[in-house]
Amino acid sequence: MNLSPAQARVATWLAIAAVGIALLWVLAPVLTPFLVGAILAYALHPLVERLAARRWPRVLAVALVEIAAIVTVLAVLLLIVPILTKEMPLLRAQIPALADKLNTSVAPWLATHGIHVALDVASIKDFVVKYLDANFEEGLATVLSSARIGGSFLLALIGNAVLIPVVLFYLLMDWPQLVARVQALIPPRLRESATGFLDACDAVLGQYLRGQILVMLVLAAYYAVALGLCGFDLALPVGVFTGLAIFIPYLGFGLGLVLALLAGVLQFASVYGVVSVVVVYGIGQVVESFFLTPRLVGERIGLNPLAVIFALLAFGHLLGFVGVLIALPLSAVAVVALQRLKSAYLSSRLYGS
């Protein structure tokens, strides 16, 4: 079958898109540091360009912006330090007491329902003394021993921690040249329309980033205030960490939830701590998933709430964590493309005839 020139061009672009999607799917496990670096470079390059416009040496501008970004990330991670500092002594003291309490109160109740459970309190105390009251050398030996079991995970974590800053540095250094090279690849007859499309995508993605930052700040305030009203001593660090870590889908919320549960159990030593965390985090997750993200992010990029939820689920199913990471940015680009296709269709003979 002979194709017209227009049909051949469309088929070629569709083939290129299919190859790109296939490569993204196949290479998803190794793309995470590069995608994270690219996303950070896109978000940070305006700051670099502003400093460069003021005649700062580009390498100095890139170094300052990247150092500021790394310090910000480390500050968020260091919110965990006061949590662990306060909780580790409580953990050593409370675990044997909780085990004894379960034996004396919960076990008899379970026995009435035919479930016979008995905790060996002495063994639990020995475990606590051995692993939670160990010195630094013994703790380090335990970590290294565990690393042999999960060595690939540990290597991947260290590799990403090293690779992401390197990728970010080189992308920020070469950002204008990379943009120019991409534009040079566009056929001259399509360059004007493609540039307009990319500018529209840039505007939408900027809206997305601003909306995501707003969601993080709102959730950080909510979790800190809600946990504080419930009487948590560590409400501020746990709440702020959870809200800011929401930027990492699922993982950030999950880690915040674990820290809050641990804080609640150790501080209150009763079911109140667990119930409070479940209620606070359950409300927070519902509000974030069905109101904040759809309204503050979805509406800014032209997606309705159902489309946001579908995009997160679909990309997460296809590409895992990488898919969740790029779901909304790619959806924003798709919205711009669909709007242009709609405009082209409405002005075409097919619609007018």
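The values are calculated or read from the model by the stated rules, or taken from the named source; none is laboratory data. As the structure is a computational prediction, the values presented were derived from the model and not from experiment. Cβ sites come from the backbone with ideal geometry, for glycine too, and all protein chains shown count toward neighbours.
Taking each residue of region 1-23 that is at pLDDT 70 or above and looking for partners that are among the hydrophobic types (A, V, I, L, M, F, W, C) and surrounded by 10 or more Cβ atoms within 10 Å (Cβ to Cβ) with beta-carbon atoms closer than 7 Å, six or more apart or interchain, yields Ala11/Leu3. Restricting attention to region 176-202 and to residues that are surrounded by 13 or more Cβ atoms within 10 Å (Cβ to Cβ) and hydrophobic (A, V, I, L, M, F, W, C), the residue that is nearest to Ala61 (Cα to Cα) turns out to be Leu178. Residues that are part of a helix (DSSP H, G or I), among the hydroxyl-bearing types (Ser, Thr, Tyr) and at pLDDT 85 or above occur in region 270-277; there is at least one. What do you reckon, is Phe232 modelled with pLDDT of 85 or more, under 21 Å from Ile80 (Cβ atoms), more than 25 Å from the chain's Cα centre (by Cα) and of a type in the set (Phe, Trp, Tyr)? Spelling it out, Phe232 is indeed modelled with pLDDT of 85 or more, under 21 Å from Ile80 (Cβ atoms), more than 25 Å from the chain's Cα centre (by Cα) and of a type in the set (Phe, Trp, Tyr). Residues in region 45-66 that are among the β-branched types (Val, Ile, Thr) and surrounded by 14 or more Cβ atoms within 10 Å (Cβ to Cβ) were compared, and the one that is farthest from Val179 (Cα to Cα) is Val65.
Run down Phe169, Phe153 and say which single residue is assigned to a helix (DSSP H, G or I), at pLDDT 85 or above and not assigned by TED's automatic domain parsing to the domain that holds Leu292. Within the list Phe169, Phe153, the selection yields Phe169. Of all residues in region 56-83, those satisfying the criterion of being more than 22 Å from the chain's Cα centre (by Cα) and either modelled with pLDDT under 65 or in a helix (DSSP H, G or I) (or both) are Arg58, Val59, Leu60, Ala61, Val62, Ala63, Leu64, Pro82.
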